[in-house]
Amino acid sequence: MAADLQGDGLTRAEGSGRPPHPVDRGAVPRGGDGPVHVHRAYPHDSAHLHVQGAASYLDDLLEPEGTLHLAVGMSPAARGRIAAMDLAPVRAAPGVVRVVTAGDIPGRNDISPALGDETLLADTHVAFHGQAMFLVAATTRDAARRAARLGRIEIEAQEPSVTVEDAERRDERVLPDYAFGRGDVATALKAAPRMLEGRLRIGGQEHFYLEGQAALAIPGEDGAILVHSSTQHPTEVQHVVARILNVPDALVTCEVRRMGGAFGGKESQATQWAALAALAARVTGRPCKLRLDRDDDFALTGKRHDFRVDYRLGFDADGRVSAYDVDFLACCGHSADLSQGVVDRTMFHADNAYFLPAARVASRRLKTNTVSNTAFRGFGGPQGMLAIEKAMDDVARLTGRDPLDVRLANLYAPGRDETPFGMKVEETDTLRAIMEGLERSSGYRERRAQVDAFNAGGGWLRRGLALTPVKFGISFTLTHLNQAGALVHVYTDGSVQLNHGGTEMGQGLYRKVAQVVAEEFGIGLERVRITATTTDKVPNTSPTAASAGSDLNGMAAKVAASTIRARMAGIAAALWGVDEEAVRFRDGMVAAGAESMTFADLARACHQQRVHLSATGFYRTPNITWDRASATGRPFFYFAYGAACAEVLVDTLTGENRVTRVDILHDVGASLNPAIDIGQIEGGFVQGMGWLTTEELVYAPDGRLLTHAPATYKIPVSSDVPADFRVELFPNSARQDTIYRSKAVGEPPVMLANSVFCAIADALASLDPGRPVPLDAPATPEAILNAALALGGGR
Amino acid sequence: MTTVTLTVNGQSVTQAIDPRTLLVQLLRENLRLTGTHVGCDTSQCGACVVHVNGVSVKSCTMLAAQCEGASVTTIEGIAQGGQLHPMQEAFREHHGLQCGYCTPGMIMSAIDIVNRKGTALDEETVRHELEGNICRCTGYHNIVKAVIAGAEAMAGGMRQAAE
């Protein structure tokens, strides 16, 4: 039997003849010439290692001899000029080898993704509480952390901006305002039979990747440096390290085998720790490692943007919307980071799944003296969608209609299918089928009657029910990022090495791409060795983000593998005197008519014929354009759809609440791996539920983050998740030519959790039917109680 | 410095350590058993759970010196003779993991639940008992399924052993 390169027992599982897993829902029937490895529920590529604790994360790598450990000296104030920084006590502390400051940077003190507005180490001013001011390199991590507390720092402190209102008062922004829309909204609002105004505050969210930020930099010869970084964006780490060290990009290699979770929090925000490690390695000449303590990670890294949303909506007696006028005021933190794209995506999802005949979608990117808010799964989309879901609920309250009927009345439909940014929604049938399918399968109508009857009983316990849609645009809206590369080698024993620009953070990307390559070569998955993402194999990569990892890297790997396969088919065809098209690759064999040989034998034959068994693959997403200045084009390759129905129980005297049942129907096209996709849906939903219910970031007026550990910041645990949790994949096939007609799955499920927020509001609405529910996000017990009090309940 | 002698995964170990060394540091840094992870540093996430004398412990909140004479089992110590422990196999088979960082602690906690509550576990018990282990990826659904399946498989193993 062929050697099992992954050691994960897949060969045995194949041999046993049983399906890899009962979660084969959504898998395509097999047999004949159909695909073997795609559309199939294989376990995660490292599952066999994870269960043994044998999968190495950054902090598990064997440290080279002489490795120094780093700790960050943090600002004691949130805003002000640095008056004095006496680091003599730090230098004198036990174990300290070197203290590094901004003055030690050979290149530019700039870690920003684009705008040059963010320092690696503060030089003249600080802009948020905890900001990195100096770096300690010591013989142990403990020594470095103790020393980092000894800096004598004086800041001429100013009052920080912490809220939307603070930033508005100062009129400070990180980027210019931006708006787009359609039609004359002011006139349409005036002409509407009814009009409502609303305001919604939406909190941010800490990523809480289980593996905190970490980096290990190892100096090489002649100015080269190798940086291991827990990053979603190795290329950006490479660029920023080169910029900081003032060396060409070619001297810097960044590698990442896996992350222990990322969720957007390691897209731009992993860079600083990698650059600090690289700088310390340069200054000391020794390997340097930085792993942030969890509390420091909370204080030092950006989060999901918090917003205030002000909206006006025109509608008729049936709840059909004629005009939507919305202002998104985003707290971006102290620098731009990725806020242009994040808030643009908020705007692109201001409609969610609803046709808005007239719309004005405006945004302001406010500068606050807090960590620089950043990418977080959904990338601004969730906030845009939550606002219109709130508005739909408001309309339902004011018209007395069932919120689901209001949603269905406004859903994109043929002839009512153009977004406010001018892109046509091409799958209105999918959207409606998902909504109506879930309405049936969840028993929405019967349960609505039960919930209403229960609430009519009038006790302080109230039930709530909501069914909400998701429509999420797939592609980076910064069009040039929609490209990917891959590198595939076939060795003469028929084993294969696979590399691509995507990073593995638990989402199963490596497994999916390996399935694509195994399919292409017709070999077992155990013959495909997946290798770590590194800038010296595939250069100039985009971040693994925007849900596009499999779409982009799967295609690039398919191109690379098919290039090699075509060369191999040519040799086989010549050998057997048949057409190349007749050569089939399947079950580890290559065959044409009666002729056949093993894949390994053909690889050896190709080598002897001097045929190149290595190839790169490159893919660029077709059919997308977006001109931001004129707000025209087609920013997304396609949309992914889904819907969720949540039921909750709320105690209106305490604000306590439970999600009692969740039904989800979600569209992933023709799933590459149903088990992985269902896992993404379940996990994304629960993460979104945390954002909207228990996870609350609280800043003190002086800019300190008060909720800086899981003791004070409540992440969902197993008992918070409804036991009755039903997830189904919507049977579909992508209309665009995506990788095996699958659709992206990473981010869209987060927004399925809007159903939980709306269900809580639904429970509260029964306290005073006919009035919009004044509930902000997150719907913590405190927020729920405040809303209940405002509606005359809560006592 | 102080000296501590303990048994780790069946092997006797003696180490000279700073008295404030945490058990997790001893395991990860001195013994290079890096399957035990540090997630939150403050005893809340459960990524560092190991067994000390057969009972689950968050190893980031126990001093190594407290383990004098104790028997410690880590995630590296539960597979036998090249065969995964039934709980390990259940997590792999039931997709009870994504990024994998919480997985070793989850598995060690899960085995402890079975040790305390028996092999016939219901969902509610598992959900309640796993409250000290945070997973940020999966939404717990597959983890709960894996624990129940792993417990059933452990029952099978115990029956076999008894026969």
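Numbers at a glance
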item	result
Which listed residue, of A:Phe636, A:Phe685, is buried (at least 19 other Cβ atoms within 10 Å of the Cβ) and assigned to a loop (DSSP other than H, G, I, E, B)	A:Phe636
Any hit, region A:210-222, residues being over 29 Å from A:Ala700 (Cβ atoms), among the charged types (D, E, K, R), without any contact (Cβ under 8 Å) to a residue 40 or more places away in the chain and not in a strand (DSSP E or B)	yes
Flag for A:Asp776 being over 20 Å from the mean Cα position of the chain (by Cα), surrounded by fewer than 17 Cβ atoms within 10 Å (Cβ to Cβ) and modelled with pLDDT of 95 or more	no
Lone qualifier among B:Ile75, B:Ile111 - being away from chain A (no Cβ under 11 Å), crowded, with 22+ Cβ neighbours inside 10 Å, within 30 Å of A:Asn673 (Cβ to Cβ) and touching a Ser or Thr at 6+ places or on another chain (Cβ under 9 Å)	B:Ile111
Filter result for B:Thr36 (in contact (Cβ under 8 Å) with a residue 60 or more places away in the chain and at the interface with chain A (Cβ under 10 Å from one of its Cβ atoms))	yes
Sole residue being within 14 Å of chain B (Cβ to nearest Cβ), touching a residue at least 24 places away in the same chain (Cβ under 8 Å) and closer than 30 Å to A:Trp691 by Cα, chosen from A:Ser230, A:Ser268	A:Ser230
Test for A:Ile571: is it outside the structural domain of A:Val721 (by TED's automatic domain parsing), crowded, with 16+ Cβ neighbours inside 10 Å and in contact (Cβ under 8 Å) with a residue 12 or more places away in the chain	yes
Condition met for A:Asp327 (acidic (Asp, Glu), surrounded by fewer than 24 Cβ atoms within 10 Å (Cβ to Cβ) and closer than 30 Å to A:Gly400 by Cα)	yes
Residue in region A:717-727 that is touching a Ser or Thr at 6+ places or on another chain (Cβ under 7 Å) and either closer than 28 Å to A:Arg345 by Cα or surrounded by 24 or more Cβ atoms within 10 Å (Cβ to Cβ) (or both) present	no
Failed condition for B:Ala90, given (1) surrounded by 24 or more Cβ atoms within 10 Å (Cβ to Cβ); (2) facing chain A (nearest Cβ under 8 Å); (3) touching a residue at least 12 places away in the same chain (Cβ under 8 Å)	(2)
Residue in region B:48-55 that is within 14 Å of chain A (Cβ to nearest Cβ), over 23 Å from A:Leu62 (Cβ atoms) and among the hydrophobic types (A, V, I, L, M, F, W, C) present	yes
Out of A:Thr346, A:Thr368, A:Thr399, sole residue that is more than 27 Å from A:Arg169 (Cα to Cα) and either at pLDDT 95 or above or touching a Cys at 6+ places or on another chain (Cβ under 6 Å) (or both)	A:Thr399
Candidate set from region A:503-536 (those that are small (Gly, Ala, Ser) and assigned to a helix (DSSP H, G or I)); member that is surrounded by the fewest Cβ atoms within 10 Å (Cβ to Cβ)	A:Ala518
Some residue of region A:689-707 being among the aromatic types (Phe, Trp, Tyr) and not in a loop (DSSP other than H, G, I, E, B)	yes
Check on A:Gly223, out of contact with any strand residue (DSSP E or B) (no Cβ under 8 Å at 6 or more places or on another chain) and either over 24 Å from A:Gly746 (Cα atoms) or within 14 Å of chain B (Cβ to nearest Cβ) (or both)	yes
Residues of region A:495-516 classified as out of contact with any Ser or Thr (no Cβ under 7 Å at 6 or more places or on another chain) and among the charged types (D, E, K, R), total	2
Residue in region B:132-150 that is at the interface with chain A (Cβ under 7 Å from one of its Cβ atoms), in contact (Cβ under 8 Å) with a residue 40 or more places away in the chain and in contact with a Pro (Cβ under 7 Å, 6 or more places away or on another chain) present	yes
Residue within region A:548-569 that is part of a loop (DSSP other than H, G, I, E, B), under 33 Å from the mean Cα position of the chain (by Cα) and at pLDDT 95 or above present	yes
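The values are calculated or read from the model by the stated rules, or taken from the named source; none is laboratory data. All figures in this text were calculated on a predicted structure; none of them were measured in a lab. Cβ coordinates were reconstructed from backbone atoms using ideal geometry, including for glycine residues, and neighbour counts include every protein chain displayed.
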